[in-house]
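First comes the structure, then the notes that go with it.
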Amino acid sequence: MSPLPQSLDLDALRSYVLGLECGSFALAAQRLCRSTSAVSAQLKKLEQQCGTELVLKKGRHLVPTASGERLLGYAKRLLDLNDEAVLALKGELLQGEIRLGVQEDFGESLLPAVLGPFCRQHPALRMTTRIDRNAPLMKGVREGTLDIVLAWQPTEERMDTALIDIASLQWIAHPNWDPAPLLARGEPLPLVLFDAPCLMRSRAIKALDDAGIPWRIAFTSQSLGGIWAALQAGLGITVRSAIGIPASLATLGSVLPSPGTLGVVLLSASHEADEAELLLQRLLTNAVHQTRPMCRG
């Protein structure tokens, strides 16, 4: 009879996954309410169980080896299944339906990390997700066609109670695109923007007008993908937050006047959100906060 396969320690797997997600096993230890030495011992135990190194030191950080990268996907699936089983046995699997609206900037950067685990842990819960621009999302939550909305804070409405973070706005362009020659000649800067009405469009134009810098609309789009494509083609510059910016683009720093900051709001159509909605709101808020080093000025 062949020997039984090695069983991986779920607690060690959780520490491993959280350590890589946090970018630090010391931070993972804090979130797990354990000592750093305890988490290090778990990592060592996991490497012994796997029979291979899982992380390597790169500067001040630990990064996964090829084997560690391969383990990561399996680890997340094992933990999701474990958590689902625990909730099912406790009778705590969430049910019902949530209609979620998410502003385009947050779609690619936040949703995979939030909705994937959330839906796998609560398979009886029906999720409908809509990615759209700010105005349609605001209309959806006001009219009750959306239950939860993650969006930018509208300038015409005070939603301080729904404010969960503040993001710095940035001028973004292709890394080889330089505004200096145009500024020196006094020529208008080509702007790549959404069609009006648009919060970012208004911020970009106001920042340039206040500084007396001429501009022209070089490209308009109704989708964020179109904006990124135009910037990658070198057609001009735009204003967005750094959340979700493609690796092929870059921020311009202090070359142009600052477009300021913009609040991030999480809105609910109901004043009495159920347990599923409250949990999803917490997960979305945490995900936004984890982008803070990237989006804060």
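The values are calculated or read from the model by the stated rules, or taken from the named source; none is laboratory data. Just so it is clear, the structure is predicted and the values come from calculations on it, not from any experiment. We place every Cβ from the backbone using ideal geometry, glycine too, and count neighbours over all the protein chains shown. Calculation scope for accessible area: heavy atoms of the full protein, side chains included, ligands and nucleic acids excluded. Shrake-Rupley method; radii C 1.70, N 1.55, O 1.52, S 1.80 Å.
Helix 66-89 versus the longest principal axis of the chain: what angle, 0 to 90°, nearest 10, using Cα atoms?
Once rounded, one gets 80 degrees.
Given R₀ = 51 Å, what would the calculated FRET efficiency be for Arg70 paired with Ala211, taking r from the Cβ atoms and rounding to 0.05?
So the FRET efficiency works out to roughly 0.50.
How large is the convex hull of the Cα atoms of the chain per residue, expressed in Å³ as a whole number?
172
Calculate the all-directions average of the projected area of segment 128-205's alpha-carbon convex hull, and give it in nm². Spell out each step's value before the answer.
On the way: hull surface 29.5 nm².
Value for segment 128-205: 7.4 nm².
Sort 141-149, 254-262 by packing, meaning the average of other beta carbons within 10 Å per residue, with the highest value first.
Numbers: 141-149: 18.0, 254-262: 16.0.
Top to bottom by mean Cβ count within 10 Å: 141-149, 254-262.
Any chance you could run the full-extension gain for Val86 through Thr52? It's 0.36 nm times the residue separation minus the Cα-Cα distance, nm to one decimal.
My answer for the length gained is 9.3 nm.
Under 17 Å from the 7 Å Cα→Cβ point of Leu78, by amide nitrogen: which residues of segment 36-54?
Once the point is set 7 Å along Cα→Cβ of Leu78, 39-54 turn out to lie under 17 Å by backbone N, inside segment 36-54.
Per residue, how big is the convex hull of segment 12-138 when only Cα atoms are used? Give it in Å³.
Details: hull volume 17.9 nm³, N = 127.
Normalising the Cα hull of segment 12-138 by residue number yields 141 Å³.
How high is the relative contact order of the chain, in percent, with contacts defined as C-alpha pairs under 8 Å that are six or more residues apart?
Once divided by the residue count of the chain, the mean separation gives 19 percent.
Considering only protein heavy atoms and a 1.4 Å probe, what is the carbon-and-sulfur percentage of the accessible area of the chain?
53
Can you spot the lysines whose alpha carbon is less than 29 Å from Lys57's alpha carbon? Ignore those fewer than 8 places along the same chain.
Counting by Cα, and skipping residues close in sequence, Lys57 has these lysines nearby: Lys44, Lys45, Lys76.
Would you mind computing, in nm to one decimal, how far apart the modelled labels at Ala180 and Thr129 are, each placed 7 Å from Cα along Cα→Cβ?
4.2
From the convex hull of the Cα coordinates of segment 136-291, what is the mean projected area in square nanometres?
9.9
In degrees between 0 and 90, to the nearest 10, how far off the longest principal axis of the chain does helix 275-290 point, with axes built from Cα atoms?
Roughly 70 degrees, rounded to the nearest 10.
By how many degrees, between 0 and 90 and to the nearest 10, does the Cα long axis of helix 199-211 differ from the longest principal axis of the chain?
Around 50 degrees separate the two axes.
Quote to one decimal, in nm, the extra length available between Glu97 and Gln30 on full extension: 0.36 nm per residue of separation minus the C-alpha distance between them.
The span from Glu97 to Gln30 would gain 20.8 nm if fully extended.
Give me the extension gain from Ser248 to Lys44: residue separation times 0.36 nm, minus the current Cα-Cα distance, reported in nm with one decimal.
69.8 nm
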